[in-house]
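Here is the structure we will look at.
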Amino acid sequence: MMNKNATVLKDINEGWRNSANQPSLPEVHNSLRIPKTGSWLRKFIAFAGPGYMVAVGYMDPGNWATDIGGGSQFGYTLLAAILISNLMAILLQALAGKLGIVTGRDLAQACRDHYSKPVSFVLWVMCEIAIAACDLAEVIGSAIALQLLFGIPLVLGILITALDVLIILFLQNKGFRYIESLVIVLIVTIGGCFISEMIMSKPDVGGIMIGFIPHSEIITNPAMLYLAISILGATVMPHNLYLHSSIVQTRKYERTSLGKREAIHFSTWDSSIALFFALFINAAILILSAATFHRLGMTGIEKIGDAYIALSPILGTTLGSILFAVALLASGQNSTLTGTLAGQIVMEGFLNIRLRPWIRRLITRMIAIIPAVIVAIVAGEKGTFSLLILSQVILSFQLSFAVVPLVKFTSDKKKMGEFANPLWMSLLAWFVAGLIMLLNAYLLFQTFFG
C-alpha cells in the first residue's frame, strides 16, 4: 500500500516544474485533526467549514446591487441566471478543492509551478485587481450598512471597515475553527433576515418557479443580458478558487490515495451544501426586489440605499428596512474576512514571498479603501454605487484567468494522477470555462461599443 501511495505522489510531483513546495497558509496548514474512525457524520463535521468560507464570497454586497437591479427591472426572470451561476460555482469550487487536496498546492502556487515567471506575474496582477475589486464592493457595502443603521457618514464608515484586519488576526491566533464559526454565524444571520423579509413581502410562488427556468429573452434583451452577466461576475468569484484550494489543506487528512479520496468526497459535499445557502440568499434578494419594487412598477430601484428607504412603506413596517441593513452589514463583514485571506494566499502563492499577515491584510484593505474614500468624497453615494457595479464587471473579466488554469490542471493526469478529471467532467468544465469567456467577451463589447 505504501509503495502504491509513494508512486502516486511521485507521478503527481513529476507534472510540475518545481517538486518542492511551501505549504499554503503555513500558520494554519494541516492544523485541524480529522477523526480516523467514527460515523460519516462525525467526519463530515470535521471537514465542514471551508465551503462556508467560500460561500460568503457568493453573497457579498456586490451581489446585492446586481440582484436588486435585476429584480426591480425584470421581476423574477433573472432567477435563472442566479441558478446557472451557482451550478457553475459548485463545479468550479469542487475542482479547486480537489486541486488543493491532491497536489498540496493552492491554485496560485500551481500557476507559479506550471507557467513561466512573466505569465505567472501577469496572472498575479490580474488576480490582485480582482481581489481589490471584490474588497471594494465589501468595503462600500459595509459602509452603506453603517450609514443606514447608525447614520455614520459614508467616508467614516469606509475607514471603520479597516478594523476587520484586527478581528481576523485575533481569531486566527485562536485557531482557524474560530474564523469558520464566525463566518457560519454571520451566514445564519443573513439567512434569517431574508427569510423574515420573504414572509413579509409575500412573493408570487408561481412567478418564482417560472423564474428559475431560463428564458430566451435573457439573451435577446441587451439590458437583461448585461445584468445576467453582471450576476455571473458577482456570483462566481475568481479569488474564491484560490481561497478554497488553500483552506481545504487546513484539515489533517491522510496524505495517501485513500485519505485524499475521502478528503475530496467530504470537501465536495461541504462546498456544494454551502453554495446552496448562497443560492438561497442571492435568490432571496432578487425575489424581495421583484415582490416589492417590480410589482409596484418601481423599476428604477437599483441603489442599496434606495431599496432600504423604500422597503419600510411597502412592507408596512420599519423592521423590513432594519433587517435589510443588518443582513447587508453581516454580508460585508463576512466577505472581508475571506477576501483578506485570499489576498494573502495569492501574493504568497504567485510570488513565493512571505509577509506578516497583518501587513498583507492592511495592504489589501488600503487598496480598496483609498479609491472608495476618494469616490465617496467627490461623488457621494451615487459614485459609490457606480463603483460597486464596476467592481462586479472587473470580477467577471478576471474570472477566465482563474478558471482556465484550474480546469487545465485538474484535467492533467501528470499533475493529478489517478485523481484527474474523468472525460465527462473535463468536457463539462471546459464548456463552463468557454461559456464564461464568451459571455465576458460580449459584456466587454456591450460596455464599450453597445
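Side notes on the structure shown:
- Residue ID - surrounded by the fewest Cβ atoms within 10 Å (Cβ to Cβ), chosen from residues in the stretch 194-240 that are assigned to a helix (DSSP H, G or I) and among the charged types (D, E, K, R): E217
- Residues in the stretch 309-323 include at least one that is more than 28 Å from P153 (Cβ to Cβ) and either over 27 Å from the mean Cα position of the chain (by Cα) or surrounded by fewer than 21 Cβ atoms within 10 Å (Cβ to Cβ) (or both).
- Pair list, Cβ under 7 Å, 6 or more apart: the stretch 425-450 residue surrounded by 16 or more Cβ atoms within 10 Å (Cβ to Cβ), other residue β-branched (V, I, T) and modelled with pLDDT of 85 or more: A429/V407; W430/V407; A433/V403; A433/V404; A433/V407; I436/V403
- Against the list (1) more than 30 Å from R295 (Cβ to Cβ); (2) modelled with pLDDT under 85; (3) open to solvent by 10 Å² or more (accessible area, probe 1.4 Å); (4) of a type outside the set (S, T, Y), the condition A372 fails is (3).
- Elements of type helices (runs of 4 or more DSSP H) in the stretch 82-193, at least 3 residues being crowded, with 24+ Cβ neighbours inside 10 Å: 107-114, 117-150
- Those helices (runs of 4 or more DSSP H) of the stretch 255-371 in which at least 2 residues are within 30 Å of P118 (Cα to Cα) and not hydrophobic (A, V, I, L, M, F, W, C), considering only elements entirely within it, cover 318-351.
- Test: I264 is open to solvent by 10 Å² or more (accessible area, probe 1.4 Å), of a type in the set (A, V, I, L, M) and touching a Phe, Trp or Tyr at 6+ places or on another chain (Cβ under 8 Å): yes
- Pairing each residue of the stretch 249-275 that is closer than 14 Å to K36 by Cα with any residue that is open to solvent by 10 Å² or more (accessible area, probe 1.4 Å) and part of a strand (DSSP E or B), provided the two are 6+ apart or on different chains, yields C-beta distances under 9 Å for R251/L32; R251/R33; K252/L32; K252/R33.
- Here is the figure for the stretch 267-308: residues that are of a type in the set (V, I, T), touching a Ser or Thr at 6+ places or on another chain (Cβ under 9 Å) and surrounded by fewer than 19 Cβ atoms within 10 Å (Cβ to Cβ) total 1.
Rundown of residues vs (1) at pLDDT below 80; (2) in contact with a helix residue (DSSP H, G or I) (Cβ under 9 Å, 6 or more places away or on another chain), yes/no style:
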{"position": "L355", "(1), (2)": "yes, yes"}
{"position": "R365", "(1), (2)": "yes, yes"}
{"position": "L387", "(1), (2)": "yes, yes"}
{"position": "S400", "(1), (2)": "no, yes"}
{"position": "M416", "(1), (2)": "no, yes"}
{"position": "F449", "(1), (2)": "yes, no"}
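- Residues in the stretch 64-120 that are free of Cβ contacts under 8 Å to residues at least 60 places away in the same chain and of a type in the set (G, A, S): S116 only.
- Residue in the stretch 13-33 that is modelled with pLDDT under 90, open to solvent by less than 20 Å² (accessible area, probe 1.4 Å) and in a helix (DSSP H, G or I) present: no
- Residue within the stretch 49-61 that is open to solvent by 10 Å² or more (accessible area, probe 1.4 Å), closer than 25 Å to M425 by Cβ, part of a helix (DSSP H, G or I) and of a type in the set (A, V, I, L, M, F, W, C) present: no
- Pairs meeting the criteria (first residue in the stretch 156-171 and at negative phi and modelled with pLDDT of 80 or more, second residue open to solvent by 40 Å² or more (accessible area, probe 1.4 Å) and not small (G, A, S), beta carbons under 8 Å, at least 6 apart or on different chains) are G157/Q147.
- All positions within the stretch 62-80 that are at pLDDT 90 or above and either open to solvent by 10 Å² or more (accessible area, probe 1.4 Å) or among the hydroxyl-bearing types (S, T, Y) (or both): S72, Q73, F74, Y76, T77
The values are calculated or read from the model by the stated rules, or taken from the named source; none is laboratory data. This one's a predicted model, so the numbers in the text were calculated from it and none came from an experiment. Note that each Cβ is placed from the backbone with ideal geometry, even for glycine, and that neighbours are counted across all protein chains shown. These area figures cover heavy atoms from the full protein model, side chains too; ligands, DNA and RNA do not enter into them. Shrake-Rupley method; radii C 1.70, N 1.55, O 1.52, S 1.80 Å.
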